[in-house]
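The structure appears below as structure tokens.
The values are calculated or read from the model by the stated rules, or taken from the named source; none is laboratory data. Note that this is a predicted model, so its numbers are computed, not measured. Virtual Cβ from ideal backbone geometry, glycine too; neighbours counted across all protein chains shown. Just so you know, the surface numbers come from the protein's heavy atoms only, side chains and all, with ligands and any DNA or RNA stripped out. Shrake-Rupley method; radii C 1.70, N 1.55, O 1.52, S 1.80 Å.
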Amino acid sequence: MLCEECHKRQAVVHFTKIVNNEKTDYHFCEECARQKSEELGLIMKPHYTMQNFFTGLLGADTENVFVTQPDYDTYKCNSCGLTFTDFRRTGRLGCGSCYEAFNDSLDPLLRRMHGASKHTGKVPKRTGGTLRVRHEIEALRGKLAEAIRMEEYEQAARLRDQIRELEKDQA
Amino acid sequence: MWIENARKILPAWAKNGGDQTDVVLASRARLARNLQDLSFPGHASEATMKEVLRRVEQAVNAIRADHSPLKLTRMEDLPLLERQILVEKHLVSPQHIERPQHRAVILNADESVSTMVNEEDHLRIQAILPGQQISEATAAADKMDDLLEERLDYAFHEEKGYLTACPTNTGTGMRVSVMVHLPALSMIDQTRRLLSALSQIGLNVRGIYGEGSEAYGDIYQISNQMSLGRTEEEILYNLQTACAQLVESERTARDAIVRDSKLQVEDKVWRAFGTLSQARLLTSEEALRLTSDVKLGTDLQIIPDMKSIYLKELLFVTSPGILQKIIGREMSPGERDQYRAMLVRDLVNPNK
């Protein structure tokens, strides 16, 4: 459906007005709706941007999280110099070390975005340290428990040996 | 004649292949990676960006020696039109060509795997394949990641995973998506409901031209929202399951409209076909909308002799940069509409 005002853009704001039992339907595109908002008594939220999105997410817990760091301009990453104000403005971090520098504020943000704050996926060989092996051991333990439950004892013995081997390498 | 030439520059995803091609047009997997101890591109000095490019180029040369051919192209070495074409082939993002300095793209032989250097992150590895091939695309991106990772130190944190410029990508740095064509669901007004259900299970829905765009031609992109706290397999599985359900719903809807309003569907399809085969001026938007109807017609065998890669091929040749490449010169938008209509007529009436 096209906007009834400009007849060009897709209508995305659909609005029904009832005055004295007389019903009128309006269909506008976002731009025309914005222009007509006053006349129609609509309240349009400001444009949705990534920046508002972040500020919104961060702002929600300003009260408790930032109590110890009330000054965003001095709250910064010593590695790349990015301030927390910069991050709030752009929604982008400056370098890997920012994750440590802003950890107290980032952690709740990550939790809210992803529903989690701990990585469980792929680990790079060169910079992943021993995490790769630890993930592997964890996965094998899961398989071991499953094998025992299914009474597949030969398979379980093989898995147990594999786990021991990996643990030995780590030590 | 021009059709053969145009087909030569078709990217891998626009060709035949993959499963469920009546609904799923293409599958894409992307991994965001950064190099250790260097500022992310958005906050980096020119010297840092140069250093990133130097290290990556070195790694690519080493990979090339042992493995399949890879080609690194610096954005600033390409004329504007060629850069535009990379965007239209979905090999780089529009942002990547805006400021070409110290930016590059690494392509494999069939252009199914492309890696942007110095976009929002130091490395954006992506694989796009035709049809439903999400796990194949993921495997291809993962393999490229392994090759680069053997030679480069990544920014990685034990608890946070791969560190990215935007916290929405932290963790796996992984975004998988499918491009789906849902004309029947939109005819029976079910898309909005279905798509909002997808957001309930952590999936994002966008129009064909990305964030906030309208779903022209009833084409939608579905992708995962969360990248942290789940494994790559879990992210993949979630999208695969949702995609299978979408395909199922769309097919059911197609059966229903054929059963309940066959004549109306036939009318819509043949009208679209009529316009595409006769029009003298076509905007890319109109071409896309009509092609969507014609693709539905070929999938439902209303128009019998049309191949189903048709939509993607049309989509491809009608985009402004590619169109100018095929014709061989720069054109004004008005002129483009004229030549677009001409190419579309040729494609739609192959026996003429």
Quiz item: Do the conditions hold for B:S186, that is, is it touching a residue at least 24 places away in the same chain (Cβ under 8 Å), open to solvent by 10 Å² or more (accessible area, probe 1.4 Å), assigned to a helix (DSSP H, G or I) and small (G, A, S)?
Solution: yes
Quiz item: Among the residues of segment A:14-32, how many are surrounded by 11 or more Cβ atoms within 10 Å (Cβ to Cβ) and without any contact (Cβ under 8 Å) to a residue 24 or more places away in the chain?
Solution: 4
Quiz item: Which residue out of B:R151, B:R193 is of a type in the set (D, E, K, R), assigned by TED's automatic domain parsing to the domain that holds B:L72 and either under 21 Å from B:V52 (Cα atoms) or in a strand (DSSP E or B) (or both)?
Solution: B:R151
Self-check item: Candidate set from segment B:66-101 (those that are open to solvent by 60 Å² or more (accessible area, probe 1.4 Å) and either more than 29 Å from B:K15 (Cα to Cα) or among the β-branched types (V, I, T) (or both)); member that is modelled with the highest pLDDT
Solution: B:Q101
Self-check item: Any hit, segment B:22-35, residues being in contact (Cβ under 8 Å) with a residue 24 or more places away in the chain, in a loop (DSSP other than H, G, I, E, B) and not charged (D, E, K, R)
Solution: yes
Practice problem: Just one of (1) buried (at least 19 other Cβ atoms within 10 Å of the Cβ); (2) of a type in the set (D, E); (3) free of Cβ contacts under 8 Å to residues at least 12 places away in the same chain trips up B:D146, so point out which. | Solution: (1)
Quiz item: Out of all the residues in segment B:256-281, which are more than 21 Å from B:L347 (Cα to Cα) and in a loop (DSSP other than H, G, I, E, B)?
Solution: B:S261
Quiz item: Based on what the data block shows, is B:T291 surrounded by fewer than 17 Cβ atoms within 10 Å (Cβ to Cβ) and either in a helix (DSSP H, G or I) or not assigned by TED's automatic domain parsing to the domain that holds B:G17 (or both)?
Solution: no
Practice problem: Check off (1) closer than 25 Å to B:A26 by Cβ; (2) part of a helix (DSSP H, G or I) for B:I303 and give me the number that stays unchecked. | Solution: (2)
Quiz prompt | Scope segment A:92-104; condition surrounded by 20 or more Cβ atoms within 10 Å (Cβ to Cβ) and touching a helix residue (DSSP H, G or I) at 6+ places or on another chain (Cβ under 9 Å); matching residues | solution = A:R92, A:L93, A:G94, A:C95, A:C98, A:Y99, A:A101, A:F102
